[in-house]
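Peer 1: The structure is given below, and queries will be raised subsequently.
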Amino acid sequence: MKNKLSFLNTTAIFTAIYVLLVSLIQIYEYHYFNDFFKVSLLLLFFILLYQLSKIKKSLSAKSEIQEELLVKTNELEDLISSFDKHVIFSKTDLNGEITHVSQAFCDVSGYEAHELIGKPHNIVRHPDMTKESFQDLWETIKLGLTWYGEVKNRKKNGDSYWGFSKIIPEYNSENEHIGYYAIRQNITAQKEVEELKNELKNMNIHLEEQVNEKIIEVINLNKEIKDTQKEVVFTMGAIGERRSKETGNHVKRVAEYSKLLALNYGLNKDDAELLKQASPMHDIGKVGIPDAILNKPGIFDDAEKEIMNTHSRLGYDMLKHSDRPLLKIAATIAHEHHEKWDGTGYPNQLKGEDIHIYGRITALADVFDALGSDRIYKKAWEIDSILTFFKEQRSKHFDPKLVDIFFENLSDFLEIRDQHVDNL
């Protein structure tokens, strides 16, 4: 506006000069001025008018530059204001004392600017950040290099905040090192997420350890239950045998024979082991037979034989109500180990593969051991007589495949027999 007024004033002056010159020429035309002088005056006027035009253009350009400069100045002021509000910025001297902080620095730290200016920068250092952790920082910036890194800081109220910092040496116009300035990115939220993840990870590890401990406890408890169950089954089987004046080694041998037959028949290791554990219960029903019959030294009459034969059903009835796999197998063995391949056995005259494989295996193992052992009613048979009997009873009393397995592995059966000799 001032430039425009100056231009108008200048125009008015030159216009007045022009009018004055023309008036002078007209008044004194015939007395003082010749033609040459008139032309000179007019030429001077046009020169002045040309210069006036140049001044006008210069003033116009200057005005535009000033307007653009004003816009850029406003933009710079807005940028500085935005920087101050949003960038966490600080400057320190060579001793690390704060000389300037942005408003964003104050906002995140909780301090006012006057509380920070002149103070050592470690006023915001968090106790978790030891002096040793800043060693790399100082070594880097003292070399005149830029340092990057994550720094945990302490707010005025004691809370913490994290910043990803860029710290740069500051030099004056004469290239003298005068201090440092730092720009930070607030990464507190990111760090809190990382800390939460670490806490969750540690919790998961702790929970996993607890779960593993409980699993081990359950496994050990389950093993203890199974071991106890095995021991109870074996003991009950031994009790049943001893009531009939037989030794506990009978049930041990029958158990080993049964497992050997099962494995060679094609049963898997788990099923073969279950059969071994359950087979000692094959005669548990004998606990329900009167002693007079059970321990009779002679041959049973028909009535006594009928009573004696009930031991297979008695054993089954004792065990059938359990849901335990071991006792369910034991129930099957007790019920079917006196059935015969040709259907002439008891209690249900089952035939062939209608007899459970556990019953068929235990039948062969039980008879082999019984024939080779002394009983109250008989003496032990010689091995040749036993082998002849098994050949004769193939496909009659016994499953023919099991008889073949027995003969193919006879040496293993005899080894088991010798390892568990009766001590009478």
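Please treat every number below as a calculation from the coordinates, not as lab data. Note that the structure is predicted; figures quoted are calculated from it, not measured. Backbone-built Cβ (ideal geometry, glycine too); neighbour counts: all protein chains shown.
Peer 1: Treat each spin label as a single point 7 Å out from the Cα along the C-beta direction, and report the Lys166 to His321 distance in nm.
Peer 2: The two pseudo-label positions are separated by 8.3 nm.
Peer 1: Still on this structure: I'd like the Karplus ³J(HN,Hα) series for the range 92-99: coefficients 6.51, -1.76, 1.60, θ = phi - 60°, whole numbers in Hz, and an x wherever there's a Gly or Pro.
Peer 2: 9, 7, 5, 8, x, 8, 6, 10
Peer 1: Report the gain in length on full extension from Ser82 to Ile216: 0.36 nm times residue separation, minus Cα-Cα distance, nm rounded to one decimal.
Peer 2: On the way: separation 134, 0.36 × 134 = 48.24 nm, distance 6.18 nm.
This chain segment gains 42.1 nm when fully extended.
Peer 1: Pop the C-beta distance of Leu200 and Asn157 into the FRET formula with R0 = 30 Å and round what comes out to the nearest 0.05.
Peer 2: The computed FRET efficiency comes out at 0.65.
Peer 1: Here is the link list: Lys340/Lys401; Lys286/Lys379; Lys91/Lys152; Lys72/Lys166; Lys296/Lys351. Which ones come out longer than 23 Å on Cα distance?
Peer 2: Lys72/Lys166; Lys296/Lys351
Peer 1: Restricting things to alpha carbons, tell me how big the range 88-186 is in terms of Rg and Dmax, in Å.
Peer 2: In Å, with Rg to one decimal and Dmax whole: 12.9, 41.
Peer 1: List, in order, the whole-Hz ³J(HN,Hα) value for each residue of the range 124-131 obtained from phi through the Karplus relation with A = 6.51, B = -1.76, C = 1.60 and θ = phi - 60°; use x for Gly and Pro.
Peer 2: 10, 6, 7, x, 5, 8, 6, 4
Peer 1: Let me ask something else about it. Can you give the Rg/Rh ratio of the range 277-423, where Rg is from the C-alpha atoms and Rh is the Kirkwood radius?
Peer 2: Checking Rg against Rh, the ratio lands at 0.96.
Peer 1: Here's a follow-up. Along Cα→Cβ, 7 Å out, is where each label goes; now give me the distance between the ones at Ser58 and Lys391 in nm to one decimal.
Peer 2: Reported label-point gap for Ser58 and Lys391 is 14.2 nm.
Peer 1: Here's something else I'd like to know. Using 1/(1 + (r/R0)^6) with R0 = 30 angstrom and r between the beta carbons of Thr99 and Gln190, what's the FRET efficiency to the nearest 0.05?
Peer 2: 0.55
Peer 1: Between Tyr111 and residues 5 or more places away or on another chain, which pairs have amide H atoms under 5 Å apart, with H built 1.01 Å from N, and which residues are they?
Peer 2: When sequence neighbours closer than 5 places are left aside, the close amide H contacts are Lys156.
Peer 1: Using r as the Cβ-Cβ distance of Asn348 and Ile383, and R0 as 41 Å, what FRET efficiency do you calculate, to the nearest 0.05?
Peer 2: Between Asn348 and Ile383 the formula returns 0.80.
Peer 1: If packing is taken as the average count of other Cβ atoms within 10 Å, what order do 348-354, 86-92, 282-288 fall into, highest mean first?
Peer 2: Details: 348-354: 13.9, 86-92: 18.3, 282-288: 23.1.
Ranking, from highest mean packing down: 282-288, 86-92, 348-354.
Peer 1: So which GluC sites (Glu not before Pro) in the range 83-152 pass both tests, a DSSP loop state and at most 14 other Cβ atoms within 10 Å of the Cβ?
Peer 2: Numbers: sites: Glu97, Glu112, Glu115, Glu132, Glu139, Glu150; in loops: Glu112.
Hits after loop and neighbour filter: Glu112.
Peer 1: For the range 294-309, just list the computed ³J(HN,Hα) in residue order, Karplus coefficients 6.51, -1.76 and 1.60, θ = phi - 60°, integers in Hz, with x standing in for Gly and Pro.
Peer 2: Karplus values, whole Hz, x for Gly and Pro: 4, 10, 5, x, x, 7, 6, 7, 4, 5, 5, 5, 4, 5, 4, 5.
Peer 1: Show the residues, 5+ positions off or on another chain, whose built amide H is closer than 5 Å to the amide H of His100.
Peer 2: Amide H neighbours of His100: Lys91.
Peer 1: What's the extension gain from Ile299 to Leu137 if we count 0.36 nm per residue and subtract their Cα-Cα distance?
Peer 2: 48.0 nm
Peer 1: Can you pull the one-decimal nm distance between simple spin-label points at Ala113 and Glu67, each 7 Å off the Cα toward Cβ?
Peer 2: 3.4
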